[in-house]
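Remarks on the structure that follows.
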Amino acid sequence: DSVDTLKSTLDNLQAKGPVLLRIGAIDSVISTWMPALVESLHQSMPNLKIELTVESTKRLVQGMHKGEFDLIFAVDPAIGDSFRSFVSYVLQMIWVGSPKLIDPERLYTVDDLARMPIVTFPKGAPPYRQIAPYFQDEQVLASKLTSSNSMFAIINLIIDGFGVAAIPKVIVRRELAQGLLHQIRVSKHFPPLPIIGSYQSSTHQDVILQVVEQAQKCALTYCASVDPSTAWLV
């Protein structure tokens, strides 16, 4: 009975103190609904201290296995007995290019795209893994690949006419509206990109589940605020 009483007392003290939540996310999530999630958590859970990290999928998954994160949003899930994963939302991927480089009225085949300089993520990154089959399935190879681990660096390179890229349409909707970029009409669409949430099931379980629920609500609200063909929930 004394042990149970002591445990209950310590649990109550811990509940009253600040709880650190370490969230990692790729930049596609940071630039869409993550700000809304952080604001929502600050309002609903004022004792929650949020540590937010922007990283690549590979480093986020590695960080989960090393115990550096409680919750991540990436293209690949963290796999293991102590992890749980769910599809946060799905992004439509499109080919885009600068009007300096592409003709928005032209229909480009896979072979046409293969002859153009392509900007993508580093080799081994999930979006890169989609690039290779896109061309190889048609028995062609991209002639020139330039890689960057930053979505925003890729966007700037494309705007400058350095090449074309397959990226989430919702991320560049402002650049498309301003005419800085054009969606490339293609004969073969690029596959959509699911964003996976993974969380630790053994630490701060009650808190984590509340955060996951809030994250799903924020993702749903965001998807409802944009063109439903560009971002959606499964």
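The table that follows gives values for the structure above.
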| quantity | calculated |
| --- | --- |
| From the options L91, L141, L113, L101, residue that is open to solvent by less than 50 Å² (accessible area, probe 1.4 Å) and either charged (D, E, K, R) or more than 23 Å from D76 (Cβ to Cβ) (or both) | L113 |
| Selection status of F135, among the aromatic types (F, W, Y), at pLDDT below 95 and over 21 Å from I26 (Cα atoms) | yes |
| Wholly within segment 20-132, helices (runs of 4 or more DSSP H) carrying at least 1 residues that are farther than 30 Å from L180 by Cβ | 34-44, 57-65 |
| Selection count where residues are open to solvent by less than 20 Å² (accessible area, probe 1.4 Å) and outside any helix (DSSP H, G or I), scope segment 209-234 | 3 |
| Residue list for segment 194-208, restricted to those being more than 17 Å from the chain's Cα centre (by Cα) and farther than 13 Å from S44 by Cβ | Q200, S201, S202, T203, H204, Q205, D206, I208 |
| Segment 34-55 - residue that is out of contact with any strand residue (DSSP E or B) (no Cβ under 8 Å at 6 or more places or on another chain) and open to solvent by 40 Å² or more (accessible area, probe 1.4 Å) and, of those, modelled with the lowest pLDDT | P46 |
| Residue check, H182 in contact with a Pro (Cβ under 6 Å, 6 or more places away or on another chain) and on the phi < 0 side of the Ramachandran plot | yes |
| Check on P133, without any contact (Cβ under 8 Å) to a residue 60 or more places away in the chain, crowded, with 16+ Cβ neighbours inside 10 Å and out of contact with any Phe, Trp or Tyr (no Cβ under 6 Å at 6 or more places or on another chain) | no |
| Residue check, D206 outside any strand (DSSP E or B) and closer than 22 Å to F86 by Cβ | yes |
| Unique residue being farther than 30 Å from M45 by Cβ, in contact with a Leu (Cβ under 7 Å, 6 or more places away or on another chain) and crowded, with 17+ Cβ neighbours inside 10 Å when the list is I158, I167, I154, I184 | I158 |
| Counted residues, segment 147-185 - those being assigned to a strand (DSSP E or B) and farther than 14 Å from L113 by Cα | 4 |
| Within segment 60-86, tally of residues that are more than 21 Å from Q216 (Cα to Cα) and surrounded by fewer than 17 Cβ atoms within 10 Å (Cβ to Cβ) | 7 |
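The values are calculated or read from the model by the stated rules, or taken from the named source; none is laboratory data. Predicted, not measured: the structure shown is a model, and the values here were computed from it. Note that we place each Cβ from the backbone using ideal geometry, even for glycine, and neighbour counts take in every protein chain shown. Just the protein is used for accessible areas: all its heavy atoms, side chains included, with ligands, DNA and RNA removed. Shrake-Rupley method; radii C 1.70, N 1.55, O 1.52, S 1.80 Å.
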